[in-house]
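J.: Quick one: this structure, given as structure tokens, is what I'll be asking you about.
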Amino acid sequence: MQTIENIRKRSIRGVIGYALRSLLLQGIGFVAQLLLGYYLVPADFGVFFVVTSAVNVFTFLSDIGLAASLIQKKEEPTLLELRTTFTVQQGLAMLIFLVIVLLTPFWIHVSKISGQSLYLLYALGFSFVLASLKTIPSILLERELKFNTLVFPQIFENLVFYGVAIWAASQGKGVSSYTYAVLARGVVGVVVMYALRSWKIGFSFSRQALQGLLRFGVAFQLNDFLARIKDDFFVVFISLMIKDTEMGYISWSKRWSMFPYQFTVNSVMAVTFPTFSRLQDHPQQLKRAIEKSMFFVTLLIFPLLAGLAVFSLPLIEVLPRYLKWQPALFSLYFFCVNIAWAGISTPLTNTLSAIGQINTTLRLMTMWTVLTWVVTPICMYFFGYHGFALASAIISFTSILPVIYVKRFVAISVLDQVWRQFVASLALIAVGIFWNTSHIASVSSLAQGILISGTSFLVVILLFGYKKVIFEFGTLLRK
């Protein structure tokens, strides 16, 4: 039985570990995207985006919520439950790979996926089989709150993926660069995971154990299924109506807007679900954990998004080979709005699932799915491919609903955790725009502008929230 103090310490170490991992990975990813953007054309980005989305539609079948059930479960899972989950997931992963291969005529004639992109599709399908091998070790590490151990497989996977992709792209392999990278990443991930956390691997099947896990798992996975329909299947649907180059612009802008999200929200999300699950019977500690996660997420993601939006144009102007991405900038701005709201709503949606309110999460996801399929086509009809990102920005304002729902169960104070960061980010944007309009775009002026606008954020955040910042960092470091 883990004590509150032990949960707190491991959670904080986990967030710090994930943040450091994310800093490293985002640094690697930043350089990798620059190099891939240099070697590949927008159509290659578009093909990878569409193929990845097509495969991700099957993701909800690979788990049926069993992993989430084992993590959320108050009691320690039995070996029979672990092996039952492993057996079911292996069967589902093999089934998914087989279905993807059997659907080859559909991919070629309907989805227009053929040639190099078809082999990429097969590689991504086989990655389900490799990923399912890592599930049980990952669950055990999350239940033990050993988050720092979990970061190592991800580091190795990303290093291998980007290393292979960049090498292949530099050799003129085009879309096939991603195929080699996906396969290499999958194999390395399995090897590293089992080197860090082994278990008594085996095949078993218990109908009773499966039914017990499915009570929570089915609702959880239905939520994931709706997310796939909202995001991945919708991308495949839209790809039938616009050119690969335009999909490339959407992919590029969305990928860049996701960097701040992956560094901040993903780092916290990886820790909060198992942590909040352990704290669901301790409302006061849960309240503080939620508020603290919101404060630190927005402290990082707001200025990162603001800086990305303000300095993306001068960055492209000082790198002539990147002028081909200038048509994607408006989409980038809209995606940044969407991600800013996601920085607030995603941890709260995660909270609802962690405390067992999965049906509430399901209702929210149903609403977002319907809005995506209704609003996005309308926006794209009037604004072309930019309408994809514009719709995501419009829909993101409904993220106020998770705030309302969480408040019904936990008396959190949301505004006090985010308003200082918002005001300071507005100051960063104002200073950045003034700097860009007053100076000719160059590497030196870009660096100076980033430094000055970043300093303005720090000045404003300390002016309005010095005591708050000192208090939050102090509680983070306190024994």
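Rule-based calculations on the coordinates, nothing more; no lab input. From a predicted model like this one, the values you see are computed outputs, not experimental measurements. Please note: Cβ atoms are built from the backbone with ideal geometry, for glycine as well, and neighbour counts cover all protein chains shown.
J.: At q = 0.17, 0.18, 0.25 Å⁻¹, what is the log10 ratio I(q)/I(0) for region 374-479, with the Debye formula run over Cα points and no solvent?
T.: Here log10 of I(q) over I(0) equals -1.02, -1.03, -1.12.
J.: Ranked highest first by the average count of other Cβ atoms within 10 Å around their residues, in what order do 36-43, 446-453 fall?
T.: 36-43, 446-453
J.: Then there is this: Relative to the compact-globule scaling 2.2 N^0.38 Å, provide the ratio for the alpha-carbon radius of gyration of region 128-189. Don't jump to the answer; show the numbers that get you there.
T.: Numbers: Rg = 13.8 Å, N = 62, 2.2 N^0.38 = 10.6 Å.
Working it through for region 128-189, the quotient is 1.31.
J.: Please work out the ratio of the alpha-carbon Rg of region 241-479 to 2.2 N^0.38 Å and round it to two decimals.
T.: Compactness ratio reported: 1.09.
J.: Over region 229-269, one equal point on each Cα, no solvent: what is log10 I(q)/I(0) by the Debye formula at q = 0.18 Å⁻¹?
T.: For region 229-269 at q = 0.18 Å⁻¹, log10 I(q)/I(0) is -0.62.
J.: What does the charge add up to near W325, with Lys and Arg as +1, Asp and Glu as -1, over the other residues with Cβ less than 12 Å from its Cβ?
T.: Details: positive: R255, R321, K324; negative: E317.
Counting the neighbours of W325, the net charge comes to +2.
J.: Next question. Calculate one ³J(HN,Hα) per residue across region 357-368 by plugging θ = phi - 60° into the Karplus curve 6.51 cos²θ - 1.76 cosθ + 1.60, and present them in order as whole Hz with x for glycine and proline.
T.: Calculated HN-Hα couplings, in order: 8, 5, 5, 5, 4, 4, 5, 4, 5, 4, 4, 5 Hz.
J.: Each residue of region 455-468 in order: what ³J(HN,Hα) in whole Hz does its phi give by Karplus 6.51 cos²θ - 1.76 cosθ + 1.60, θ = phi - 60°, with x for Gly and Pro?
T.: After applying 6.51 cos²θ - 1.76 cosθ + 1.60, I find 5, 5, 4, 4, 4, 5, 5, 6, 5, 9, x, 4, 5, 5 Hz.
J.: Given N residues in region 167-208, what is its alpha carbon radius of gyration divided by 2.2 N^0.38 Å?
T.: Ratio of Cα Rg to 2.2 N^0.38 Å: 1.88.
J.: Within 10 Å, count the other beta carbons around each residue, average over each peptide in 431-442, 165-176, and list them highest first.
T.: 165-176, 431-442
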